[in-house]
2 protein chains.
Amino acid sequence: MRTAIGVDVGGTGTKAAIVDTEGRILARSERPTDPSAGTKGIIAVIDDLTSKAPDLSVEIGGVGVGLAGFVDPASGKVSFSPNLTYDDPNVAAAVRARIDVPVQVDNDANVAAWGEYRFGTAKGLEHVAMVTIGTGVGSGFVVAGGLLRGATGAAAELGHMVIAPDGPPCPCGLRGCLEQFASGTGIRRLAIEAVEQDPSSSILAFAGTASSITAKHVAMAARQLDEVARTVLRTAGRTLGIGLSNVVNIFDPQVIVLTGGVVNAGEPYLGPARDTLNEMNLAQRRRATRIDKASLGNDAGVIGAAALVLD
Amino acid sequence: MRTAIGVDVGGTGTKAAIVDTEGRILARSERPTDPSAGTKGIIAVIDDLTSKAPDLSVEIGGVGVGLAGFVDPASGKVSFSPNLTYDDPNVAAAVRARIDVPVQVDNDANVAAWGEYRFGTAKGLEHVAMVTIGTGVGSGFVVAGGLLRGATGAAAELGHMVIAPDGPPCPCGLRGCLEQFASGTGIRRLAIEAVEQDPSSSILAFAGTASSITAKHVAMAARQLDEVARTVLRTAGRTLGIGLSNVVNIFDPQVIVLTGGVVNAGEPYLGPARDTLNEMNLAQRRRATRIDKASLGNDAGVIGAAALVLD
């Protein structure tokens, strides 16, 4: 049976799976990510799986890798990685030296978008915007059935779209990036400001101290109807909605797929995002935009990476 | 010789040309645009040119049409047109009923981008962002050698990317659209505000009254080193630069091509735009982005429309 190995390099773990042409996972491996040796970690999980391949009677027809950063789509070389050092930045060549099959390396949000496009919530559509909301905001865009990669693999950085030129500084170097409002980091920032004004918020009770606040604490407080937490998530969600309106004006997608840990904050965050986007669509007399949660969950990356090299 | 007719429907005139496969214009026609009968006007300029075709010994292999609005890329039907009524919104079918050749109808900024991509300043590149700055801000994006059209032909509306959520209202229904700062309309708005504060500006001397101010008066005053005019153009240009940084973060293009009347305001406008984009690229440690003026000028539309149907 024809299969491929899909690898998803995350901040804490490097996950991999043998995936068939229907997007089914046949075997898995996961190892902790070594922040100073990303490429070695990729090779290690591939070795884990190739050793399992004979027992499964499958042929490994390729390897797809998704990782955070800019990847040159032609060479498979990592040109910029924000959090992780690749001991060999030419990831595609390093993998090919280990296993002689076609190798495709791409941005992690791109491969997750490809997974949802091929086998997830966006299956059967051709114009798909996927937005990943975790610590930061990532994105992947399927345009007329192909991934938007840009000239050097540095496209689809929706999190660094500036929507408030005088807004708070972003580690990327700009000010007022979408990520500074709509991500986990943005929610944390807004919440620290908010509990300074109102220390009675149960956000503080969950977090202990202001500096320990995470988006999770805010979501927990919001579930208990804490008004400060709900206001923070409303601001974050509304700003996400503005970002999604920009996505609609630029891409005119059939669906916007949302994924990432912050989506679990649920309605106090997603409601204002949807409402804002709907209001903006309506004001422009645009058709309503479908918004869905991703259906492959944490497997979108490994499935998408494998699908990308099989396609 | 194989040629096509390219049609460019503007607010005042409907232009058309017979264009060969090398992008050369062999014959032209132009008629005033009837705001209540856009489709009839298109047919009329096509008739003008088909009558000239025998003398030129050319074969008309297709008709391409560019017009302002949303065009369904598959059917060639206009679904939204801001300034003009199409007596028959199914423009492609109406043209085909008159001349039995392949017909392609697209957004005007898209066809102009296609012209610059095939025969203009972006020739030989595959990732091109074209931004048209006139009364409004339009855009066309070539992504991996294809035009970004979106699911319903409503993509590439860069002018309505919100970059200041609490900013001035835009006729589109949103607030703080890029167009409200960086376009002719935006420059006019900023200038009216500015001369209220400082009526000694020579903008007023050129325009007569505040309500008659256009971007041209501001550009004239700026050329005479009027500080109020230069501040207005600096604000408009810087905001354009922020919009272009967003284009870079989303598309990672090889070149950004600028066109449209406001580009003629020159360095007092373009300098701050380029400087802002360069500063933002540098802050993000991105490579510098090439910015060029369009090279086909007012012919980009007719050449691009013809090329689109020939390609």
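The values are calculated or read from the model by the stated rules, or taken from the named source; none is laboratory data. What you see is a predicted model; the values in this text were computed from it and never measured. We place every Cβ from the backbone using ideal geometry, glycine too, and count neighbours over all the protein chains shown.
Within the range B:83-117, which residues are under 16 Å from B:G69 (Cβ atoms), of a type in the set (D, E) and either surrounded by fewer than 17 Cβ atoms within 10 Å (Cβ to Cβ) or not assigned by TED's automatic domain parsing to the domain that holds B:V63 (or both)? Matches in the range B:83-117: B:D87 only. Within the range B:24-36, the set of residues being surrounded by fewer than 15 Cβ atoms within 10 Å (Cβ to Cβ), of a type outside the set (D, E, K, R) and in a loop (DSSP other than H, G, I, E, B) comprises B:P35, B:S36. Kindly check whether there is at least one residue in the range B:150-157 that is crowded, with 24+ Cβ neighbours inside 10 Å and more than 9 Å from every other protein chain (Cβ to nearest Cβ). No, because not a single residue in the range B:150-157 is crowded, with 24+ Cβ neighbours inside 10 Å and more than 9 Å from every other protein chain (Cβ to nearest Cβ). Among the residues of the range B:259-278, those identified as closer than 30 Å to B:G6 by Cα and crowded, with 23+ Cβ neighbours inside 10 Å are B:T259, B:V262, B:A265.
Of the residues screened, B:D8 is not one that is more than 23 Å from the chain's Cα centre (by Cα) and either among the acidic types (D, E) or crowded, with 21+ Cβ neighbours inside 10 Å (or both).
Name the single residue that is nearest to B:G237 (Cα to Cα) among those in the range B:182-210 being in contact with a Leu (Cβ under 9 Å, 6 or more places away or on another chain) and β-branched (V, I, T). Among them, the one singled out is B:I187. The set of residues in the range B:279-297 being surrounded by 15 or more Cβ atoms within 10 Å (Cβ to Cβ), within 14 Å of chain A (Cβ to nearest Cβ) and in a loop (DSSP other than H, G, I, E, B) consists of B:Q284, B:R286, B:T289.
Residues of the range B:180-211 that are surrounded by fewer than 21 Cβ atoms within 10 Å (Cβ to Cβ), of a type in the set (S, T, N, Q) and closer than 19 Å to B:R223 by Cα: B:S200, B:S202.
Pairing residues of the range A:207-226 that are in the same structural domain as A:T135 (by TED's automatic domain parsing) and in contact (Cβ under 8 Å) with a residue 24 or more places away in the chain with residues that are outside any helix (DSSP H, G or I) and surrounded by 15 or more Cβ atoms within 10 Å (Cβ to Cβ), at Cβ distances under 7 Å and at least 6 apart in sequence or on separate chains, gives A:D226/A:S201.
Of the residues A:D275, A:D299, which single one is among the acidic types (D, E) and within 15 Å of the chain's Cα centre (by Cα)?
Numbers: A:D275 fails: within 15 Å of the chain's Cα centre (by Cα).
Being among the acidic types (D, E) and within 15 Å of the chain's Cα centre (by Cα) holds for just one of A:D275, A:D299, which is A:D299.
Checking A:A306 against (1) among the small types (G, A, S); (2) buried (at least 21 other Cβ atoms within 10 Å of the Cβ); (3) without any contact (Cβ under 8 Å) to a residue 24 or more places away in the chain: exactly one of these is not met. Which one? With (1) among the small types (G, A, S); (2) buried (at least 21 other Cβ atoms within 10 Å of the Cβ); (3) without any contact (Cβ under 8 Å) to a residue 24 or more places away in the chain applied to A:A306, the lone miss is (3).
Under 22 Å from A:P268 (Cβ atoms), in contact with a Cys (Cβ under 8 Å, 6 or more places away or on another chain) and modelled with pLDDT of 95 or more - does that describe any residue in the range A:142-163? Within the range A:142-163, one or more residues are under 22 Å from A:P268 (Cβ atoms), in contact with a Cys (Cβ under 8 Å, 6 or more places away or on another chain) and modelled with pLDDT of 95 or more.
When the residues of the range A:115-129 are narrowed to those that are part of a loop (DSSP other than H, G, I, E, B) and farther than 13 Å from A:T259 by Cα, which ends up nearest to the other protein chains (Cβ to nearest Cβ)?
Filtering the range A:115-129 for residues part of a loop (DSSP other than H, G, I, E, B) gives A:120-127.
Within this subset, residues satisfying the condition of being farther than 13 Å from A:T259 by Cα are A:123-127.
Numbers: A:K123: 15, A:G124: 13, A:L125: 8, A:E126: 7, A:H127: 4 Å.
Looking at the filtered set, the residue picked out is A:H127.
Inside the range A:1-55, residues that are under 18 Å from A:A109 (Cα atoms) and of a type outside the set (S, T, Y) make up a count of 14.
Take the range B:132-149 and flag every residue that is within 12 Å of another protein chain (Cβ to nearest Cβ) and either touching a Ser or Thr at 6+ places or on another chain (Cβ under 7 Å) or among the acidic types (D, E) (or both).
Listed by number, the residues that qualify are B:V137, B:G138, B:S139.
The helices (runs of 4 or more DSSP H) found wholly in the range B:141-229 and carrying at least 1 residues that are among the charged types (D, E, K, R) occupy B:179-182, B:184-197, B:215-223.
Restricting to the range A:212-222, what's the tally of residues that are among the polar types (S, T, N, Q) and within 12 Å of A:L190 (Cα to Cα)? Working first, answer last.
Here is the first cut: in the range A:212-222, the residues among the polar types (S, T, N, Q) are A:212, A:214.
With within 12 Å of A:L190 (Cα to Cα) added as a condition, the list becomes A:214.
Total satisfying the criteria: 1.
Each row is one residue, and each column tells you yes or no for (1) surrounded by 15 or more Cβ atoms within 10 Å (Cβ to Cβ); (2) at pLDDT 95 or above.
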position	(1), (2)
B:I18	yes, yes
B:E22	no, yes
B:G38	yes, no
B:V45	yes, yes
B:D55	no, no
B:V58	yes, no
B:G64	yes, yes
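If you go through the range A:245-266 and pick out every residue that is over 15 Å from the mean Cα position of the chain (by Cα), within 21 Å of A:G120 (Cα to Cα) and within 13 Å of chain B (Cβ to nearest Cβ), you end up with 7.
None of A:S183, A:S202 is out of contact with any Pro (no Cβ under 9 Å at 6 or more places or on another chain), of a type outside the set (D, E, K, R), in contact (Cβ under 8 Å) with a residue 24 or more places away in the chain and closer than 28 Å to B:N246 by Cα except A:S183. Does B:G237 meet the test of being under 18 Å from B:R189 (Cβ atoms), in contact (Cβ under 8 Å) with a residue 60 or more places away in the chain and more than 10 Å from chain A (Cβ to nearest Cβ)? No, not satisfied.
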